[in-house]
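Undergrad: The structure's right below; bear with me while I get my questions together.
Each value in this text was obtained by applying a stated rule to the coordinates, not by laboratory testing. The structure displayed is predicted, hence computed values, not measured ones. Using ideal geometry, Cβ is built from the backbone for each residue, glycine included, and neighbour counts are taken over all protein chains shown.
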Amino acid sequence: MKLNSNVYSFRTNDIASFEKARHIREKVFIVEQNVDRDEEFDDYEDESIHYLLEVDGEPVGTARWRHIGDQVKLERFAVYLSHRNQGYGLNLLNQVMKDALETGKDLFMHAQVKALSFYERRGFKKVGEQFLECDIEHFKMVFKNK
């Protein structure tokens with residue numbers, strides 16, 4: 001049975017939502033993937049548009065995007081392990097992309113190698129060489145806004 005999911009955007013001044021997103025990022029990136037806390041939480045939090053993915057009212061995923069010049073960078077996609085591979089991450093990605101594409105700008109991200117096929121299925125294209133970010137292998141991926 002598929003549970004009810006909801007995705008909504010917010011800014012950091014929505015303290016309750018931001019704390020929920022921080023908790024998800026801490027568990028996924030800092031605990032699960034050993035990312036340094038100072039690298040995970042950065043100076044771009046306030047300028048970013050953040051998202052929460054809730055399933056039956058419980059927060060289980062998060063993401064954010066921000067403007068960088070003539071592009072939009074999608075970042076910090078995190079879904080609890082218990083909710084992966086069930087379509088919830090795609091719900092989150094679709095909402096983030098819908099909103100970010102309304103800017104009229106092309107999108108890009110630094111995608112972890114293990115998630116490449118997930119983003120490719122949604123139309124992102126891998127560009128350049130593989131690189132390390134926070135000791136995790138990544139590729140830059142782009143999505144052209146039509």
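Undergrad: Among the candidates VAL28, VAL96, VAL7, single out the residue that is in a strand (DSSP E or B) and of a type in the set (Val, Ile, Thr). Write out each step before concluding.
TA: Numbers: VAL28 fails: in a strand (DSSP E or B); VAL96 fails: in a strand (DSSP E or B).
Residue meeting the stated conditions: VAL7.
Undergrad: Would you mind telling me which numbered condition in (1) free of Cβ contacts under 8 Å to residues at least 60 places away in the same chain; (2) among the hydrophobic types (A, V, I, L, M, F, W, C); (3) in a loop (DSSP other than H, G, I, E, B) ALA21 fails?
TA: (3)
Undergrad: Those residues that are closer than 24 Å to VAL35 by Cβ, out of contact with any strand residue (DSSP E or B) (no Cβ under 7 Å at 6 or more places or on another chain) and either buried (at least 17 other Cβ atoms within 10 Å of the Cβ) or of a type in the set (Gly, Ala, Ser) (or both), I need them from segment 57-92; list them, please.
TA: Matches in segment 57-92: SER82 only.
Undergrad: Look at segment 54-80 and say how many of its residues are more than 21 Å from ALA115 (Cα to Cα), out of contact with any His (no Cβ under 9 Å at 6 or more places or on another chain) and of a type in the set (Val, Ile, Thr).
TA: 1
Undergrad: Further, regarding this structure: Among the candidates GLY128, GLY123, GLY104, GLY89, single out the residue that is in contact with a helix residue (DSSP H, G or I) (Cβ under 8 Å, 6 or more places away or on another chain) and either farther than 22 Å from GLU54 by Cβ or not aliphatic (A, V, I, L, M) (or both).
TA: Details: GLY128 fails: in contact with a helix residue (DSSP H, G or I) (Cβ under 8 Å, 6 or more places away or on another chain); GLY123 fails: in contact with a helix residue (DSSP H, G or I) (Cβ under 8 Å, 6 or more places away or on another chain); GLY104 fails: in contact with a helix residue (DSSP H, G or I) (Cβ under 8 Å, 6 or more places away or on another chain).
GLY89 is the lone residue from the list that is in contact with a helix residue (DSSP H, G or I) (Cβ under 8 Å, 6 or more places away or on another chain) and either farther than 22 Å from GLU54 by Cβ or not aliphatic (A, V, I, L, M) (or both).
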